[in-house]
Amino acid sequence: MALELRPNCEFCDKDLPPASLEARICSFECTFCAECVDERLHNVCPNCGGGFVARPIRPATEWRPGVSVAQRPASTRRVRLSRSHQDIAALVARVRHVPPEER
């Protein structure tokens, strides 16, 4: 099973193509841009409360048969926040100082 490689930041809707170095994901693959993670979310996923890591880049070159972005394309389904900015701010305020390994 491969990551979806969602095409956008769920917070600001910035495009995050498959090779983007700005894409961040949580363990549920919620996807946000680095700017939103650092400046708005403070490394707190607004959906689960976990932290973020850089999203891996799927190879463009098919180094192994059937394993490349051409063979397993990124998702085109855009995902948006399901919670209000006020609700997100409250969660971030509660969780941001808790180390990710203790959440």
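Backbone geometry of region 95-101 corresponds, through the Karplus equation with coefficients 6.51, -1.76 and 1.60 at θ = phi - 60°, to 3J(HN,Hα) couplings of 9, 4, 8, 8, x, x, 6 Hz, x marking Gly and Pro.
From most to least packed by mean Cβ count within 10 Å, the peptides 48-59, 63-74 give 48-59, 63-74. For region 26-103, the residue among 33, 89, 68 whose Cα projects farthest onto the positive side of the dipole built from Cβ charges is 68. Max-minus-min Cα coordinates of region 19-80 on each principal axis give 39, 19, 16 Å, with the largest extent listed first. Our note on the geometry: Cα centres of region 88-103 and region 36-51, 8 Å apart.
Each of residue 35 and residue 72 was given a label point 7 Å from its Cα along the Cα-to-Cβ line. The distance between the two points is 3.0 nm. Obtain the nm distance between the two label points defined at residue 86 and residue 53 by a simple spin-label model: each point lies 7 Å from its Cα along the Cα-to-C-beta direction. In this crude spin-label approximation the distance works out to 3.6 nm. The figure for residue 42 is an accessible area of roughly 60 square angstrom, using a 1.4 Å probe on the protein chains alone.
The values are calculated or read from the model by the stated rules, or taken from the named source; none is laboratory data. All values derive from a computational prediction rather than experimental measurement. No Cβ is skipped: glycine too gets one built from the backbone with ideal geometry, and neighbour counts run over all protein chains shown. Protein only, heavy atoms only, side chains kept; ligands, DNA and RNA dropped before computing areas. Shrake-Rupley method; radii C 1.70, N 1.55, O 1.52, S 1.80 Å.
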